[in-house]
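Take a look at the structure below.
The values are calculated or read from the model by the stated rules, or taken from the named source; none is laboratory data. Because the structure is predicted, anything quoted here is derived from the model rather than measured. In this analysis, Cβ positions are derived from the backbone assuming ideal geometry, glycine residues included, and neighbour counts consider all displayed protein chains. Calculation scope for accessible area: heavy atoms of the full protein, side chains included, ligands and nucleic acids excluded. Shrake-Rupley method; radii C 1.70, N 1.55, O 1.52, S 1.80 Å.
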Protein chains: 2
Amino acid sequence: MSPRVRIADVAAAAGVSTATVSRTLSSPGLVGEKTRERVMAAVSATGYRINAAARDLRRQQPRAILVLAPNLANTFFSRIIAAIQDVARQAGLAVQISDSRAGTDVLEAIVQSGRADGIVLLDGALPPDMVRNWTLPVIQLCEWNDGYALPGLRIDNAAAARVAVDHLAALGHERILHVSGPAENVLSQARQAGFREAMTARGLPADIHDGGFTIEAGAAAAHVWAAMADRPTAVFTASDECAFGFISECYRLGFEVPRDVSVIGFDDVDFAGHFIPPLTTIHQPRARLGRQAAERLVSALLEDAPLGEGYDQIPPHLVIRSSTTAYRAKTQGGSAA
Amino acid sequence: MSPRVRIADVAAAAGVSTATVSRTLSSPGLVGEKTRERVMAAVSATGYRINAAARDLRRQQPRAILVLAPNLANTFFSRIIAAIQDVARQAGLAVQISDSRAGTDVLEAIVQSGRADGIVLLDGALPPDMVRNWTLPVIQLCEWNDGYALPGLRIDNAAAARVAVDHLAALGHERILHVSGPAENVLSQARQAGFREAMTARGLPADIHDGGFTIEAGAAAAHVWAAMADRPTAVFTASDECAFGFISECYRLGFEVPRDVSVIGFDDVDFAGHFIPPLTTIHQPRARLGRQAAERLVSALLEDAPLGEGYDQIPPHLVIRSSTTAYRAKTQGGSAA
DNA sequence: CAGCTTTCTGTAATCGATTACATCAGTCTC
DNA sequence: GAGACTGATGTAATCGATTACAGAAAGCTG
């Protein structure tokens, strides 16, 4: 339409000053009732919409939060981001997103641009020096990095690995392979640690294959598993995607899940219950994680209070479906070949 | 850190005026070489970062694009949004996202806030009156609505449906069921039209079940299919998710794919190739769609040129995997029961 | 009714950048 | 060396809102 309507136009239309218009919109209690009505009428008559840049500049707060994720294309994040956006919208905050792997210069420019007044950080692998220098409130979500010295929220990954082992052990499995995520990833490390601990506590050997979170990594792991001399009877994978890759490659190699190997995933993505076989997996409450992190950040922003310290850890929850089953020694006493 | 560094601080540190600093940063050619060096040194010494709100206000353009999608949690969008973000970042634009189903008031506020100077719209079901009133450049992506009278980009959905039918017909299938998306959705409509056209062109009956894009819709469709008197030998589903739901429910009901029924999906999501069986499906080049739409929008914004008119339609591409197979009449000549 | 509150509204400074215009120094030309 | 021109820099207005402060009007008290 016509050139943008400014607050001065509304003021003119209502026969008041711009100050009164501004007050009517942001703190109506300060304005007389009749004036208020006149102003509101002028607002809708002119179709006035506030100019965010001007407001942000004056108020010194952009009323927006920035979400940084290592890979926006990853389905794992979409539900989390949706939940964050939901909370933010209800609080009247905009949501800006960026790939956190954009390069430190770009990232600094984005973070320091003054466009956001709080950050949800889903990446634990950024340079700590950079992150520590950020002056906005930041909350870590899912991944973390002790070098950042920031508060955060995540599930208890080590406990999750223990729960997975508990489940498999209860089914009688003793040779369990852990196809882990990337070695440098904190999630991988925490889960590996939990896995190792649970296995050694039972006096079982902790077999770990450095894999990855992707379908391809899972498929590759299937070959590694198939080539093992004394094949593990159960596999605990880094992610559901990894599990899907593993299972579907096993299938291609002539093995069946759970007949030949029990598989347990991680994340409980939407497909997990509809895969063939339906996948036993550690549930990550992604909507809840996103919502809770956003709420903590948003309320800190609105009250201008510090975020508080420390990590919230959500206890793990195992969803048992059909990709795991009790171990029965095959061809009892038979040879390996 | 310390209170924010402003351009005046840099100017003071370099012993020049703010105008010179500003020019050094935005049009270096106008500034003498020695001065430029001095300014740049002052910039890095002070750690100056431009204040986006102030720049946006003065320049009257926020250098950001807004992505509106009907459901941010949907995995279909994540890769598209990632691609958009990529293009935008390289052009120095921020990306704001919002669920387009937030309600018209909220949406108007977001769109008219002046925070974005262009929109990528992934939703074809917003009120046309509202969308037509938007003064920013908008490009429609994937979905569309003729009522908006806006340019856009999408794959040729009708042609895609025809390709699917061609493939199934070539395999000898004559009774084909189309499990369509939601009836009010443009994609559903276009694909239904293509399906109907291709079927009638062959003199085959066009069976259509109103389903949906979700796993649940697919699972429900499996029951409908199973209960049909003369069961179709092939199914063309609304989406890969729908296909997964269909296949996995079939499996639960004791049917196997493609032995008992060939299934063809739509979208070619990441899992499609790793599902069991690997899914034959229509490929949607999501990264390319996102990139191309973003490029068109971004270049219009940077050159301050209009977006141009009309839809770009990408020809469909069928990926043949293992969920479809040649039809062989069972129990040749046997009875139906 | 004077004096004091209270309530409402207006004036003008302000946020931090950009940029039109003015100024100034140096170079070139005749 | 005067005048014209070029290139570099500074001054100050400007973008559109918010808000401290001031002032006016109305209400209350004794």
Completion exercise
In the set A:Ala183, A:Ala193, the lone residue that is away from chain B (no Cβ under 14 Å), in a helix (DSSP H, G or I) and open to solvent by 50 Å² or more (accessible area, probe 1.4 Å) is A:Ala193
Practice task
Could you tell me whether the stretch A:31-38 includes any residue that is within 13 Å of DNA strand C (Cβ to nearest atom) and acidic (Asp, Glu)?
Solution key: yes
Fill in the blank from the handout: B:Ser248 passes all but one of the listed conditions (1) under 26 Å from B:Leu66 (Cβ atoms); (2) assigned to a helix (DSSP H, G or I); the exception is number (1)
Exercise for the section: Being touching a Phe, Trp or Tyr at 6+ places or on another chain (Cβ under 9 Å), away from DNA strand C (no atom under 11 Å from the Cβ) and either hydrophobic (A, V, I, L, M, F, W, C) or in a helix (DSSP H, G or I) (or both) is the filter here, so list the residues in the stretch A:1-12 that pass it. Expected result: A:Val5, A:Asp9, A:Val10
Completion exercise
Taking first residues from the stretch A:231-258 that are within 13 Å of another protein chain (Cβ to nearest Cβ) and second residues anywhere that are among the acidic types (Asp, Glu) and open to solvent by 10 Å² or more (accessible area, probe 1.4 Å), the pairs with Cβ under 7 Å that are 6 or more apart or on different chains are A:Ser239/A:Asp267; A:Asp240/A:Asp267; A:Asp240/A:Asp268; A:Gly245/A:Glu216
Exercise for the section: Evaluate the following for A:Thr200: is it polar (S, T, N, Q) and in contact (Cβ under 8 Å) with a residue 24 or more places away in the chain? Expected result: no
Problem - Residues of the stretch A:215-259 satisfying the condition of being polar (S, T, N, Q) and either open to solvent by less than 10 Å² (accessible area, probe 1.4 Å) or out of contact with any His (no Cβ under 7 Å at 6 or more places or on another chain) (or both) - result: A:Thr237, A:Ser239, A:Ser248
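Yes or no, residue by residue, for (1) within 30 Å of A:Gly103 (Cβ to Cβ); (2) open to solvent by 70 Å² or more (accessible area, probe 1.4 Å); (3) assigned to a loop (DSSP other than H, G, I, E, B); (4) within 11 Å of chain B (Cβ to nearest Cβ):
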| position | (1), (2), (3), (4) |
| --- | --- |
| A:Arg23 | no, yes, no, no |
| A:Gly29 | no, yes, no, no |
| A:Glu37 | no, yes, no, no |
| A:Ala42 | no, no, no, no |
| A:Val67 | yes, no, no, yes |
| A:Phe77 | yes, no, no, yes |
Fill in the blank from the handout: Going through the stretch A:89-100 in order, the residues found to be open to solvent by less than 20 Å² (accessible area, probe 1.4 Å), more than 16 Å from A:Pro70 (Cα to Cα) and within 7 Å of another protein chain (Cβ to nearest Cβ) are A:Ala94, A:Val95
Exercise for the section: Give B:Arg291, B:Arg296, B:Arg286 a once-over and let me know the one that is open to solvent by 30 Å² or more (accessible area, probe 1.4 Å), of a type in the set (Lys, Arg) and within 13 Å of another protein chain (Cβ to nearest Cβ). Expected result: B:Arg291
